[in-house]
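Engineer: Take this structure first; my questions come after.
The values are calculated or read from the model by the stated rules, or taken from the named source; none is laboratory data. Just so it is clear, the model here is predicted, and its values are computed rather than measured. Note that we place each Cβ from the backbone using ideal geometry, even for glycine, and neighbour counts take in every protein chain shown.
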Amino acid sequence: MWGSSFLLVKLIIDVFNPIGIAFWRSTAGALVLLAICYLRRESLPKRPQHLAHLFVISILFGIAPTIFVTLGANGISSSVGGVLSATIPTATAIATFTVFPSQRATANQLLGIVLGFLGIVLISEIFLGPGENKLSSVGLVLLATFCYGFGLPYSKRFVVPLGYSGTALAAAQVTLAAVALLPIAFFTGSTRATPTWDSIIFLTILGVFGSGFAFVWNLQVLDRAGSTIASSVTYITPLVSAFLGYVVLRETLDWIQLVGVVIVIVSSAVVHERIRIIRQEP
């Protein structure tokens, strides 16, 4: 699912509005995960403090990024939108060093963050002036990536230790998102046009896999490897999004954007100190 979510949103934005996509996506994921929990007889979180932490995650992982991406989708290609999500490791590092400080940033990590922003500039090509990708849309997608970036260390610190299975935690998370969005969707509406079977299928896939199983897998990786490794899955996102954008929508990336993709991927590796550019004295 990593790399295909932006394309699926792009395919349904003419039918469903941002609140509708967030609500129905969460609802589809919740129905599947709740059914799995019922069949496995897995208990769901019930304590108020546990639900409070899960509600925060439902905002950071579900409601806010989905709305930001949907609002920005019309002003950006699906390839570029998916590629920009490769900045999640950098956003995670920034969150770890600021809101959830566990260590001081090294010179290599600071360099990686700078390289990440350079890659963003090249991918979005904002220095070329008005073009296919609007600056406001790029900003909205980056806001979504920062939601994920802050959500990963938050989950590692407050959600994973709760002691429930990844399926139960993810089920509670998407259910809370659906419940919170229900009154808004009811009063404001969730569609822009009459839904087609294609749009319903795409939205269901987005919900079941993008807001269902993907969250389960994410929590399992967080539990076993931590937020840094969990965010590293976005290394493959640019390749998947660029491939799907070309196959489905015939989108292409020019050479400047491809250089930006490489820089973003390298920056993520530098931030996580898998590549050390600056040699530090022991």
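Engineer: Which of the following residues is assigned to a loop (DSSP other than H, G, I, E, B), over 18 Å from residue 214 (Cβ atoms) and modelled with pLDDT of 90 or more: 39, 44, 51?
Structural biologist: On inspection, the qualifying residue turns out to be 44.
Engineer: Consider residue 225 carefully, then state whether it is at pLDDT below 90 and of a type in the set (A, V, I, L, M, F, W, C). Steps first, please.
Structural biologist: Working: at pLDDT below 90: yes; of a type in the set (A, V, I, L, M, F, W, C): yes.
So residue 225 passes the test.
Engineer: Among the residues of the range 33-63, what is the count of those that are β-branched (Val, Ile, Thr) and crowded, with 21+ Cβ neighbours inside 10 Å?
Structural biologist: 2
Engineer: Still on this structure, I have one more. Just to be sure I understand the filter: pairs with C-beta atoms under 6 Å, separated by 6 or more residues or on different chains, first member in the range 3-17 and within 15 Å of residue 67 (Cα to Cα), second member among the hydroxyl-bearing types (Ser, Thr, Tyr) and part of a strand (DSSP E or B). Which pairs pass?
Structural biologist: Hits for this filter: 16/191.
Engineer: Given the options 11, 110, name the one that is out of contact with any Asp or Glu (no Cβ under 6 Å at 6 or more places or on another chain), closer than 26 Å to residue 260 by Cα, among the aliphatic types (A, V, I, L, M) and buried (at least 17 other Cβ atoms within 10 Å of the Cβ).
Structural biologist: 11 is the lone residue from the list that is out of contact with any Asp or Glu (no Cβ under 6 Å at 6 or more places or on another chain), closer than 26 Å to residue 260 by Cα, among the aliphatic types (A, V, I, L, M) and buried (at least 17 other Cβ atoms within 10 Å of the Cβ).
Engineer: I would also like to ask the following. Specify the residue that is nearest to the chain's Cα centre (by Cα); the eligible residues are those in the range 45-63 that are among the aliphatic types (A, V, I, L, M) and more than 16 Å from residue 29 (Cβ to Cβ).
Structural biologist: Among those that are among the aliphatic types (A, V, I, L, M) and more than 16 Å from residue 29 (Cβ to Cβ), it is 56.
Engineer: Of the residues 248, 233, which is modelled with pLDDT of 70 or more and not aromatic (Phe, Trp, Tyr)?
Structural biologist: 248 is the lone residue from the list that is modelled with pLDDT of 70 or more and not aromatic (Phe, Trp, Tyr).
Engineer: Considering the range 245-262 alone, what residues qualify as being closer than 26 Å to residue 111 by Cβ and buried (at least 20 other Cβ atoms within 10 Å of the Cβ)?
Structural biologist: Within the range 245-262, 253, 257, 260, 261 meet the criteria.
Engineer: Please find, among 57, 76, the residue that is in contact with a Phe, Trp or Tyr (Cβ under 9 Å, 6 or more places away or on another chain), over 22 Å from residue 180 (Cα atoms) and of a type in the set (A, V, I, L, M, F, W, C).
Structural biologist: It is 76.
Engineer: Kindly indicate whether any position in the range 19-26 is over 24 Å from residue 169 (Cβ atoms) and modelled with pLDDT under 90.
Structural biologist: no
Engineer: Moving on. Restricting to the range 14-23, and then to whatever is in contact with a strand residue (DSSP E or B) (Cβ under 7 Å, 6 or more places away or on another chain) and outside any strand (DSSP E or B), can you tell me which residue is surrounded by the most Cβ atoms within 10 Å (Cβ to Cβ)?
Structural biologist: Filtering the range 14-23 for residues in contact with a strand residue (DSSP E or B) (Cβ under 7 Å, 6 or more places away or on another chain) gives 15-17, 20.
So of that shortlist, the ones also outside any strand (DSSP E or B) come out as 15, 17, 20.
Details: 15: 20, 17: 20, 20: 23.
Per the stated criteria, the residue is 20.
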